[in-house]
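The values are calculated or read from the model by the stated rules, or taken from the named source; none is laboratory data. If you're wondering where the values come from, they're calculated on a predicted model, not measured in any experiment. Please note: Cβ atoms are built from the backbone with ideal geometry, for glycine as well, and neighbour counts cover all protein chains shown.
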Amino acid sequence: MLDRGKGTGQHLRPYLRNVNVQWGRIDQSDVLSMDIPPEHEERFRLRDGDLLVCEGGEIGRCAIWHGGDGYMAFQKALHRVRPLGGMDPRYLRYLLEHLSLRGALASWATGSTIKHLPQEQLRQLPIPLPPLAEQRRIVVALERHLPRLEAALTQASTIVRRSTSWETAISGAIVGGRWSQLTRPDGGPASWGEASIDDLASVGTGATPSRSRKEFYEGGTVPWITSGLLNEPFVDRASEYITESALAETSVRIWPPGTLLVAMYGEGRTRGRCSELRISATTNQACAAVSLKPEWESYRSWVKLFFRATYEQNRRLAAGGVQPNLNLGLIRNLRVPMPPEGERDRLLEEFAVQSDVAVRLRKTVKSANGRGGKLRRSLLREAFAGRLVPQDPNDEPASELLARIRAERAAAPQKPRTRSPRTKKELPAPPTRVTGDNYQQEALPL
């Protein structure tokens, strides 16, 4: 395994990292290079048919290298599995996916904080070993069925993305007045006005009580909301609670049901999301609380739709370096188109109809995706239990394949292994139930 280090640049060679290895494919869009001394080049060189297995991250994620005569090395955090005895590397690749989906590989990982699968653990993995011809039949069957399943799941994901884009486009057209131009006989929203969020609502935020004060958290009963909970349309639960002492001694305040919460910063796509409180709750400083003034309370759903329709625009307003943030001033200054009440209610009803169609479509697709995942697991389970393809008594016995593997292993130069000070994790019984009459059980043939 290769680790990145300093060098002179005279022997630059490309190498693969954990991120380059995806399930069943090698992503070469971002391959780095580093100095590899000539005497070590062959040691770290990949050959056609080598299986690369991720040690950490998504443990067991693997793909086969097909690089011809070109040079490619591999970095640490990847295991190179070079099948012995003529084993089909595709069979091993699907087997590792099967074990990963069952959670078996993760259960064999070590480490308290960051889990990884050391090479010694990988070497011990017991695998069902059918005859080579049957391995190939299994691979052919899987590669006949799984691409169709993948294509269906990809199409389903496309449907979800398009339905979400449709909702966004509809909300933008409604809030921007374009929907009225299309659906009203009298044309555009000539009677609309405009107001700032500051005109319509009071805007505040929360705080994070000191973590060092246990009395602020232990036994807490006051819901405390963070920006990560704002990715759903409504907030009706809290992931953490604070105490009455925290409420009395810090700047947090309770916001009533109906308050709109806007994420000013957060991980991934969270920043700019808007959700509505259904409970009384406090928030941290990453949430802006927008409480409609009494005279504008009837526009609450409209303002919420405005935040939804302008999500991407609002994200672009964020300032900062590594993690751009919104702030209360930016949110107060946002300008909201204001239709008359009758037109407002008509447009909100129209959006509810369109959104309901999109939501039901996504639920249907989500259910189909779940069934697709179960089907994939079932296909792999049947494959490695000896039930997916017929067995042929004329196949070379698996015992002969096993003999070749052991002979190759015995003939290979033995490298001295440094013993880890950690206690070796004991592996459970073999994870697969093998029904084939001609199967053998053997450790992974590294």
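Since Arg335 meets every condition but one in (1) more than 30 Å from Ala133 (Cβ to Cβ); (2) without any contact (Cβ under 8 Å) to a residue 12 or more places away in the chain; (3) of a type in the set (D, E, K, R), which condition does it not meet?
(2)
Just to be sure I understand, how many residues within the stretch 239-251 are assigned to a loop (DSSP other than H, G, I, E, B), closer than 21 Å to Arg278 by Cβ and at pLDDT 95 or above? Even if it seems obvious, please write down each step before you answer.
Kept after step one, since they are assigned to a loop (DSSP other than H, G, I, E, B), are these residues of the stretch 239-251: 239, 243, 250-251.
Still in the running and closer than 21 Å to Arg278 by Cβ: 239.
Filter again for at pLDDT 95 or above, leaving none.
Result for the stretch 239-251: 0.
Is it the case, given these coordinates, that Leu200 is touching a helix residue (DSSP H, G or I) at 6+ places or on another chain (Cβ under 9 Å), surrounded by fewer than 14 Cβ atoms within 10 Å (Cβ to Cβ) and either within 30 Å of Glu350 (Cα to Cα) or among the polar types (S, T, N, Q) (or both)? Explain how you work it out, then say what you get.
Working: touching a helix residue (DSSP H, G or I) at 6+ places or on another chain (Cβ under 9 Å): yes; surrounded by fewer than 14 Cβ atoms within 10 Å (Cβ to Cβ): no; either within 30 Å of Glu350 (Cα to Cα) or among the polar types (S, T, N, Q) (or both): yes.
Considered against the rule, which asks whether it is touching a helix residue (DSSP H, G or I) at 6+ places or on another chain (Cβ under 9 Å), surrounded by fewer than 14 Cβ atoms within 10 Å (Cβ to Cβ) and either within 30 Å of Glu350 (Cα to Cα) or among the polar types (S, T, N, Q) (or both), Leu200 comes out as no.
Restricting attention to the stretch 179-191, report how many residues are under 11 Å from Leu347 (Cβ atoms) and either among the small types (Gly, Ala, Ser) or modelled with pLDDT of 80 or more (or both). Give the derivation first.
Just the residues of the stretch 179-191 that are under 11 Å from Leu347 (Cβ atoms), to begin with: 179-180, 183-184, 189.
Those left that are additionally either among the small types (Gly, Ala, Ser) or modelled with pLDDT of 80 or more (or both): 179-180.
So the count comes out to 2.
For the stretch 12-67, how many residues meet the condition of being assigned to a strand (DSSP E or B) and among the small types (Gly, Ala, Ser)? Steps first, please.
Step one: list which residues in the stretch 12-67 are assigned to a strand (DSSP E or B), which gives 12-16, 21-22, 25-26, 32-35, 45, 51-54, 56, 62-64.
Still in the list and also among the small types (Gly, Ala, Ser): 33, 56, 63.
Count: 3.
Among (1) in the same structural domain as Val290 (by TED's automatic domain parsing); (2) free of Cβ contacts under 8 Å to residues at least 12 places away in the same chain; (3) surrounded by 15 or more Cβ atoms within 10 Å (Cβ to Cβ), where does Asn327 come up short?
The failed condition is (2).
Could you run through the stretch 201-248 and say how many residues are of a type in the set (D, E, K, R), in contact (Cβ under 8 Å) with a residue 24 or more places away in the chain and over 26 Å from Leu330 (Cβ atoms)? Quick ask: steps written out before the conclusion?
Quick first cut of the stretch 201-248, residues of a type in the set (D, E, K, R) only: 211, 213-215, 218, 232, 236-237, 240, 244.
Applying the additional criterion that residues be in contact (Cβ under 8 Å) with a residue 24 or more places away in the chain yields 213, 215, 218, 232, 236-237.
Now narrow it down to the ones that are over 26 Å from Leu330 (Cβ atoms): 213, 215, 218, 236-237.
Residues flagged as of a type in the set (D, E, K, R), in contact (Cβ under 8 Å) with a residue 24 or more places away in the chain and over 26 Å from Leu330 (Cβ atoms) within the stretch 201-248 amount to 5.
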